[in-house]
Amino acid sequence: MSIRDRIISKLEMVGKEKPSFTPLIYKGTLVLIALAALFVPLMLVAIPYIPFFNDMSMQAKAKTQGTYGYHFDDEQPLLFSPVPGTLSRNADIPGDSISLEASAAMGNPVPVTMASLKKGREAYDIFCIVCHGKLGEGDGPVIGPNRFPAPPTLHSEAARAYKDGQFFHIITYGKNIMPSYADKLGETDRWHVVNYLHALRRAYQPQIGDFTK
Ligand code: HEC
């Protein structure tokens, strides 16, 4: 074949060469691009919710509002129960049906000791002080115009006349707009507060009789 013929045959092949992409590959690529266009945004949305390292959430633990009992694999009982002193909101309150008047007969089972007074003061300073104030004058920080209505002073004649059981009753059930503290203070702690109320009263308004009792 002469050089001229070769050139001519080369030139004739131009345009007749197989295209490097077959139509099938073109279609396939288009389908892939379309899939990626769908998949990538989906992944971007889903990735934050895919727990890659979920050891923390899958560990044995007590969940809030959950029921205690078994390990998540349902075989090993959990070795912990609610923290001691945890009070159930629905706990039976002893003497539920006793009125404020009848509670006067309820004796105080917790002797007045320094330890009891300290616990009582601690609880008072956490739960009662906000309304009743440091000295029980009804001037706590949440009291004021457009805020919580002022409670009466704890040093009135009426308040002084309450028996221990009646203080206990008020802390347990609340009184009118004063809420119940039965779900925040255990029974013994309520009696500690009762003991402290007496100490508060005596310190605030000492009377001769206080020292002979
Ligand atoms: C949210 C505010 C608030 C808190 C907190 C509060 N109280 Fe009261 N308390 C009141 C109000 C208001 C009254 C008056 C209720 C009534 O008789 O209308 C009252 C009444 C009382 C009385 C009776 C006073 C009387 O003269 O009849 C006692 C005793 C008492 N509270 C003790 C406590 C103790 C103890 C605590 C803490 C465990 C406490 N309160 C927490 C608002 C509060």
| Probe 1.4 Å, all protein chains in place: accessible area of E187 in Å², nearest 10? | 90 Å²
| task | Just read off the accessible area of L35 with the full protein assembly in place, 1.4 Å probe, to the nearest 10 Å². | result | 100 Å²
| request: Please state the charge dipole magnitude for segment 102-211, taken about the Cα centre, from unit charges on C-beta atoms (+1 on K and R, -1 on D and E), reported in debye and rounded to the nearest 20. | output: 40 debye
| request: Compare F53, F127, F168, F39 by solvent-accessible area with a 1.4 Å probe and give them largest first, with all protein chains kept in place. | output: F53, F39, F127, F168
| said: Could you tell me the calculated FRET efficiency between S156 and I208, based on Cβ-Cβ distance and R0 = 22 angstrom, to the nearest 0.05? | reply: 0.65
| note | For segment 102-211, the per residue accessible area (1.4 Å probe, Å²) is 55 Å²
| task | Mind checking the full-extension length gain between F148 and D55? Use 0.36 nm per residue of separation minus the Cα-Cα distance, one decimal, nm. | result | 28.9 nm
| message | Just to make sure I understand: if all protein chains stay in place, what is the order of V194, V130, V14, V110 by accessible area at 1.4 Å, largest first? | response | V14, V130, V110, V194
| said: Suppose accessible area is computed on protein heavy atoms with a 1.4 Å probe; arrange R4, R121 from highest to lowest. | reply: R4, R121
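The values are calculated or read from the model by the stated rules, or taken from the named source; none is laboratory data. On a predicted model such as this, the values are computed, not experimentally measured, just so you know. Neighbour counts run over all protein chains shown; Cβ positions are idealised from the backbone, glycine included. These accessible areas exclude ligands, DNA and RNA; they are computed on the full protein's heavy atoms, side chains included. Shrake-Rupley method; radii C 1.70, N 1.55, O 1.52, S 1.80 Å.
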